[in-house]
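One structure is given below, represented as structure tokens, and several questions about it will come after.
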Amino acid sequence: MNLKGRHLLTLLDFTTEEIQFLIDLSAKLKFEKKEGIPHKHLTDKNVVLLFQKDSTRTRCAFEVGAFDLGMGVTYIGPTGSQMGKKESVKDTARVLGRMYDGIEFRGYLQSDVETLAEFSGVPVWNGLTDQDHPTQILADFLTIQEKFGTLKGIKFTYFGDARNNMGNALMIGCAKMGMHFTAAAPKDLWPNEALIEVCQEIAKTTGATLKFTEDPVEGAKGVDVLYTDVWVSMGEPKEVWLDRIKSLNHYQVNSHLMKQASPSAIFMHCLPAFHGLDTEVGKDIAHEFGHLYPVVSKGELEVTNEVIESNQSVVFEEAENRMHTIKAVMLASLSDLYV
Ligand code: CP
Ligand code: NVA
């Protein structure tokens, strides 16, 4: 398996075998980390992390992953560079590509991460755009593999805004890995037709199935994984909250929904999650809309506190796996070890 020099912009660009290789390499690196086996395979290399949006997991995963591999890291936050204001993405790509061995990008436009890849001359990794979040899927799938021993044949349902980065990326990942993907969401929040068509074609070759339903209970019946994400994503205006609560409150993952699933089902969430009153947004939403929609009156939005704190929830293992999988992506694309 040779992924040297490859970008990770979307999992659509990777074969089933390549994705499986990255997940297995992540498991190996996780083992080495836990056992204290050093793996500084990339000393003297440097990476830059370009964030137009905030992050906890992705930023820390790239930083710790890079340090563990022996690399130097520069973090550039939403206000920390000339990009977009005084300098184009194309020029930024050509500057950073001359200083760094790899570039991580988190932002709005998929076309921006593509431009960085086209003009920087070094591997570029997508740390989230409005359209996709491929490194998250690798962590999610490592977690599923750890729990069930396999990805193929796993029954997976995504509840909520299925046309956001997570809905898209999970559908792509499930199609690639031969999983049974269901999106449970109102029709106007299903992934776009063109992407569904592409994924249906992939599914024909991997044994995956893709299903779309407006009925959350039908979506939960007998499944192995229940997955949700925030109802309003980074970059969307505050004004969309009311509409989103209106259309998604029936899709909140709560204990009733969990009971419909397989007894061994797990709950997953890319995080951050709204499951109480201990965040500014959770508090604001409860205060503003709780009287209209009692379901959100305790700041529990896409998931209840009971579910996220239950034994079925694997969200913190999933978050840890961001680091092991991102480390694998950097290692595979920057080293000669697997050439
Ligand atoms: N899941 C995820 O991407 O989290 P951050 O926004 O904290 O990076
Ligand atoms: N859909 C979310 C994912 C966060 C990791 C967002 O874009 O805000």
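For the Cα atoms of the chain, what angle does the longest principal axis make with the long axis of helix 165-176, in degrees from 0 to 90, nearest 10?
80
Separate question: Nothing charged except the Cβ atoms of Lys and Arg (+1) and of Asp and Glu (-1): what's the magnitude of the dipole of segment 27-107 about its Cα centre? Round to the nearest 20 debye. Numbers along the way, then the final one.
Working: 15 positive and 10 negative charges, 44 e Å.
In debye, rounded to 20, segment 27-107 gives about 200.
In a Gaussian network model over the chain where Cα atoms closer than 10 Å are linked, find which of 230, 198, 73 has the largest mean-square fluctuation.
198
Please list, ordered by chain and number, the residues whose modelled amide H lies under 5 Å from the amide H of residue 132; skip anything fewer than 5 residues away on the same chain.
none
Same structure again: Under the rule of -39500 (n - 2.57) per DSSP H run of 4 or more residues, summed and divided by the residues of the chain, what mean residue ellipticity at 222 nm is obtained, to the nearest 500 deg cm²/dmol?
It lands at -13500 deg cm²/dmol.
Given contacts defined as C-alpha pairs under 8 Å and at least six residues apart, what's the relative contact order of segment 230-309, whole-number percent?
Relative contact order comes out at 36 percent.
Taking residue 85 as the anchor, which lysines have their alpha carbon closer than 20 Å to its alpha carbon, excluding any fewer than eight residues away along the same chain?
53
Continuing with the same structure: Label points 7 Å out from Cα along the Cβ direction at residue 108 and residue 209: separation in nm?
My value for the distance between the label points is 4.0 nm.
Oh, and also: What fraction of the DSSP beta bridges in segment 84-219 is antiparallel, stated in percent and rounded to the nearest 5? Write down the numbers at each step before the final one.
Numbers: 0 of 13 bridges.
In segment 84-219, approximately 0 percent of DSSP beta bridges are antiparallel ones.
Where does the longest stretch of the chain lie that holds no trypsin sites (Lys or Arg not before Pro) found in a DSSP loop with 11 or fewer other Cβ atoms within 10 Å? Walk me through the numbers on the way to the answer.
On the way: sites that count: 40, 85, 86.
The answer is 87-339.
What lysines could a cross-link reach from residue 33, if we take a straight Cα to Cα line under 21 Å and drop same-chain neighbours fewer than 8 places away?
Within reach: 45, 147, 327.
Let me ask you something else. Calculated FRET efficiency, residue 262 and residue 1, Cβ-Cβ r, R0 41 Å, to nearest 0.05? Don't skip to the answer; put the middle values down first.
Values: r = 33 Å, r/R0 = 0.79.
With a Förster radius of 41 Å, E is 0.80.
For residue 46 and residue 82, what is the calculated FRET efficiency with R₀ set at 25 Å and r taken between the beta-carbons, to the nearest 0.05?
Efficiency for this residue pair is about 0.85.
Please give the FRET efficiency for residue 67 paired with residue 336, using the beta carbon to beta carbon distance and R0 = 25 Å, rounded to the nearest 0.05.
0.75
A further question follows. If each of residue 284 and residue 24 carries a label point 7 Å out from its Cα toward its Cβ, how far apart are those two points in nm?
Simple spin-label model gives 4.7 nm for this pair.
Antiparallel DSSP bridges in the chain: what percent, to the nearest 5?
Restricted to the chain, the bridges split so that about 5 percent are antiparallel.
Let me ask something else. Could you state the angle between the C-alpha long axis of helix 315-334 and the longest principal axis of the C-alpha atoms of the chain, as a value from 0 to 90 degrees rounded to the nearest 10?
Relative to the chain, helix 315-334 is tipped by roughly 30 degrees.
Tell me, what is the percent relative contact order of segment 69-138, built from C-alpha pairs under 8 Å that lie six or more residues apart?
Once normalised by length, the contact order is 27 percent.
Next question, about the same structure. For a quick check, take a GNM of the chain with Cα springs below 10 Å and name the residue from 243, 54, 161 with the largest mean-square fluctuation.
Of 243, 54, 161, the most mobile in the Gaussian network model is 243.
Still on this model: Could you give the nm distance between label points at residue 37 and residue 15, where each point is 7 Å from its Cα heading toward the beta carbon?
Distance between the two pseudo-spin positions: 2.6 nm.
Taking only Cα atoms, what is the 0 to 90° angle, nearest 10, from helix 110-120's long axis to the longest principal axis of the chain?
Approximately 10 degrees, to the nearest 10.
Okay, next question. Once the convex hull of the alpha carbons of the chain is built, what does its volume come to per residue, in cubic angstrom?
With only Cα atoms used, the chain gives 130 Å³ per residue.
Expressed as a rounded percentage, what relative contact order does the chain have, with Cα pairs under 8 Å and six or more residues apart?
Rounded, it is 21 percent for the chain.
Let me ask you something else. Name the residue, out of 286, 220, 169, whose mean-square fluctuation peaks in a Gaussian network model built on the chain with Cα pairs under 10 Å.
It is 286.
Rounded to the nearest 20 Debye, what is the dipole magnitude of the chain about its Cα centre when Lys and Arg each give +1 and Asp and Glu each give -1 at the C-beta? Numbers along the way, then the final one.
On the way: 34 positive and 46 negative charges, 108 e Å.
Computed charge dipole of the chain: roughly 520 debye.
Values quoted throughout were computed directly from the atomic coordinates according to the rules given, and no laboratory measurement underlies them. Computed from a prediction, not measured in an experiment: that's the story for all the values here. In this analysis, Cβ positions are derived from the backbone assuming ideal geometry, glycine residues included, and neighbour counts consider all displayed protein chains.
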